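Report on the following structure.
The values are calculated or read from the model by the stated rules, or taken from the named source; none is laboratory data. Model, not experiment: these values are computed from the prediction. Neighbour counts are summed over all protein chains in view; Cβ atoms, including those assigned to glycine, are modelled from backbone coordinates with ideal geometry.
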Amino acid sequence: MPKGIYLNRRTNGPWTTFESYLLKDENRHAGWIKWIDHQSFKLHKNPFSTWPLSPFTYLVPENVSIPEEGLIRANVEKICKIPSFSGTGTLGIYSNQFCIVDGYELFKIDELPKPFLTKDEFLHRLTHNLVGEINENFSKELAINILSCPKSIYGIGGIGAQSFSSVGGKKDLKGLNTLIKHLLPMDFLGQNKAYRYKPILTELDCQKANSDVTRKASNEISFNYLFNLSPQVKRFAMPTQIPILVPDIKYQKNEWELDRDILDYQMSALLFTPIIDETAQKKLTNVVEKTGKTILRKANLETTVDASGILRLAKAWCRLEFKNNLAEDDFGKIKKDFEQIFSEFFDLSEDMQRTGRTWHIPLTPIADKRNLTIYANKIYKEIKNFTRNNRYERLTKIQIRENIKRKEISDYDLERGLKELVDSGYLLQFKNYSEFSLTF
């Protein structure tokens, strides 16, 4: 099992790009404020960790005003060093170093150096330990869940997710859980005031997560429902903002510890606390609602688009882009991501409702019918999407072939898959297997 990294146990690194910058000698009096009492504080080089830490204790005179929190550079008037001695020796060491502060300068988060990875490289590295057909939507869903969103008037921060395996089984969801745990520092998987990721596999997990949210045990809690829980658990259930749709992939073990470049990118993103003004909120809600209604109409489902959920998603999306607010051209990008992610989710939800499960082979259990193979499952999914998006009642085999890549499914496997779907009652065939239509 890979060895995890504890942020609070680091003494020699690994340091993120911004930590390395703040550890430079010219920045020795810069960092995040951690108050000791009303007139003294320490400076941390990472707001999510006790290490690295400035060696000084900063003393604030009565006539000097310092912010309650945030990233600052302290203006130091005087440094006092108090030596300590061991035994009877005459040589001592400076174990206590105090600085008298006469002011400060604010540091802006976006002025800190950016991580080595680009956004696209980060999304790619998130799925480095997976083998199979990995799509960009899956990487974004994964990133948004672990990048979370800051606390606001809607309560503590965090993103709620529910994971689905559309062409796999329960073990694929467990593999996803293992993958996410290996993407995060160990501190974020337990009690942590700054940020916590909480996988939900059982009713007890749900109760504990609900309790953590209610008592505000952390400033940000991102949770992930890996399995559907019993109806009795609804009173503990928390709202989800994004699905994580697991493609046809397999998790492979990694011999190494946490990817340090991923740690660098995530830490840097979590520093951002995006603010979406009222005008942007209205426009964003309008964009998502219109897109959502189109998707829901295609999916024959009824649901509401939660305004606070939209804002949480948008703020997590801003973190992925290293932004503190939305620009005019961001709305189109968010609409595209929203449409791609949720159209697939609602398509899958119709089948989930019939089984009550978050993994699917077969898509829908039919009495006295054999389970669908992965090829048949994929073909069925593509036929549903194409039929719904183009409003066709009947598809020819040629149309089906044109919309499914040969490198994914050969002509032979397509023939077998179509016959399997007809035999299992998912498709109706016409004109000697040359045309097909959905049975429901």
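Listed values, structure above:
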| read-out | value |
| --- | --- |
| Qualifying residue in region 324-336 (condition: of a type in the set (Lys, Arg), surrounded by 14 or more Cβ atoms within 10 Å (Cβ to Cβ), at pLDDT below 85 and under 35 Å from the mean Cα position of the chain (by Cα)) | yes |
| Condition check for Tyr392: under 22 Å from Ser434 (Cβ atoms) and at pLDDT 80 or above | no |
| Members of region 7-18 that are in contact (Cβ under 8 Å) with a residue 60 or more places away in the chain and surrounded by 14 or more Cβ atoms within 10 Å (Cβ to Cβ) | Leu7, Pro14, Thr16, Thr17, Phe18 |
| Flag for Phe342 being in the same structural domain as Lys170 (by TED's automatic domain parsing) and either surrounded by 14 or more Cβ atoms within 10 Å (Cβ to Cβ) or modelled with pLDDT of 85 or more (or both) | yes |
| Answer from Lys405, Lys397 - the residue that is closer than 17 Å to Tyr375 by Cα and at pLDDT below 85 | Lys405 |
| Per-region count, region 30-58, residues out of contact with any strand residue (DSSP E or B) (no Cβ under 8 Å at 6 or more places or on another chain) and without any contact (Cβ under 8 Å) to a residue 40 or more places away in the chain | 2 |
| Selection within region 41-61 - more than 25 Å from the chain's Cα centre (by Cα) and of a type outside the set (Ser, Thr, Tyr) | Phe41, Lys42, Leu43, His44, Pro52, Leu53, Pro55, Phe56, Leu59, Val60, Pro61 |
| Filter result (in contact with a Ser or Thr (Cβ under 8 Å, 6 or more places away or on another chain) and modelled with pLDDT of 85 or more) within region 373-389 | Ala376 |
| Residue match in region 270-279 (condition: assigned by TED's automatic domain parsing to the domain that holds Gln162 and more than 30 Å from Lys333 (Cα to Cα)) | no |
| Strands (runs of 3 or more DSSP E) contained in region 1-61 and holding at least 2 residues of a type in the set (Ser, Thr, Tyr) and over 23 Å from Leu270 (Cβ atoms) | 57-59 |
| Complete set of residues in region 382-440 that are within 23 Å of Glu339 (Cβ to Cβ), in contact (Cβ under 8 Å) with a residue 24 or more places away in the chain, outside any loop (DSSP other than H, G, I, E, B) and out of contact with any strand residue (DSSP E or B) (no Cβ under 8 Å at 6 or more places or on another chain) | Asn385, Arg388, Asn389 |
